[in-house]
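The structure appears right after this line, and notes come after that.
The values are calculated or read from the model by the stated rules, or taken from the named source; none is laboratory data. Just so you know, these numbers come straight off a predicted model, no measurement behind them. Here the Cβ is made from the backbone with ideal geometry for all residues, glycine too, and neighbour counts use every protein chain on show.
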Ligand SMILES: O=C(O)CCC(=O)C(=O)O
Ligand SMILES: [Fe+2]
């Protein structure tokens, strides 16, 4: 892996998709752990106001809070730390690992920035792992606007309408997507079956640990700590 070239690409585009990053066997193990967990507790965690306004229907699980060793093992996978270090530089920190589950018939996620973009050097890095292929018949593709991490605030507007310059990513089992938290992104609806993604969020030195508490959508800013809308955005 040419880490320097990949890091340059990341900083130009606001994202990277690297296929076959993780061994298939490790992905099988993770997929089995995730399937077992969600069979047990499929209840929606977010409140109704959020689900309605954000047009987001995902159920999160934080496996490291359950002392799940396998997810520590993935976090420590050497190439994973190496690429993160190259992009974020010294003294970057792991934030948390969040597995997201979406059922068939749910809408994915509306356009958003994971954190407010006003302070350019403060952001979260999404390190998204896919333990199964994202297939057109299932849906749940990741859509991004390349380079939008440099464009500031996601414009107010229709939360889900297609945007000019958008790019649809269809990661496969073992793929890694690195995504800057200021990059405009969304997840397409899930048509059948279900969808999992696993996000190891990290931050560069100088970014507060609660950076992802406030997420920017095209119609609002939402505070996940308070579970409430803190700003309505008008078109
Ligand atoms: O599930 C995905 O593929 C992306 C989810 C997302 O927007 C995020 O984790 O910030
Ligand atoms: Fe996101």
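At-a-glance table
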| quantity | calculated |
| --- | --- |
| Residue count, the stretch 132-161 (criterion: in contact (Cβ under 8 Å) with a residue 12 or more places away in the chain and out of contact with any strand residue (DSSP E or B) (no Cβ under 6 Å at 6 or more places or on another chain)) | 18 |
| Qualifying residues in the stretch 16-31 (those that are in contact with a helix residue (DSSP H, G or I) (Cβ under 8 Å, 6 or more places away or on another chain) and assigned to a strand (DSSP E or B)) - the one nearest to residue 180 (Cα to Cα) | 16 |
| Matching residues, the stretch 209-234, being farther than 18 Å from residue 98 by Cα, modelled with pLDDT of 95 or more and not in a strand (DSSP E or B) | 218, 219, 233 |
| Candidates 196, 123, 224 - the one that is under 14 Å from the mean Cα position of the chain (by Cα) and either without any contact (Cβ under 8 Å) to a residue 40 or more places away in the chain or closer than 22 Å to residue 65 by Cα (or both) | 196 |
| Residues that are assigned to a loop (DSSP other than H, G, I, E, B) and either touching a helix residue (DSSP H, G or I) at 6+ places or on another chain (Cβ under 9 Å) or within 16 Å of ligand 1 (Cβ to nearest atom) (or both), drawn from the stretch 69-104 | 77, 92, 104 |
| Condition met for residue 209 (over 12 Å from the mean Cα position of the chain (by Cα), away from ligand 1 (no atom under 12 Å from the Cβ), free of Cβ contacts under 8 Å to residues at least 60 places away in the same chain and surrounded by fewer than 21 Cβ atoms within 10 Å (Cβ to Cβ)) | no |
| Pairs where the first residue, in the stretch 104-119, is over 19 Å from residue 178 (Cα atoms) and free of Cβ contacts under 8 Å to residues at least 60 places away in the same chain and the second is assigned to a loop (DSSP other than H, G, I, E, B) and more than 10 Å from ligand 2 (Cβ to nearest atom), C-beta under 9 Å, 6+ apart | 118/152; 118/153; 119/207 |
| Conditions (1) farther than 15 Å from residue 117 by Cβ; (2) buried (at least 19 other Cβ atoms within 10 Å of the Cβ); (3) touching a helix residue (DSSP H, G or I) at 6+ places or on another chain (Cβ under 8 Å): number failed by residue 183 | (1) |
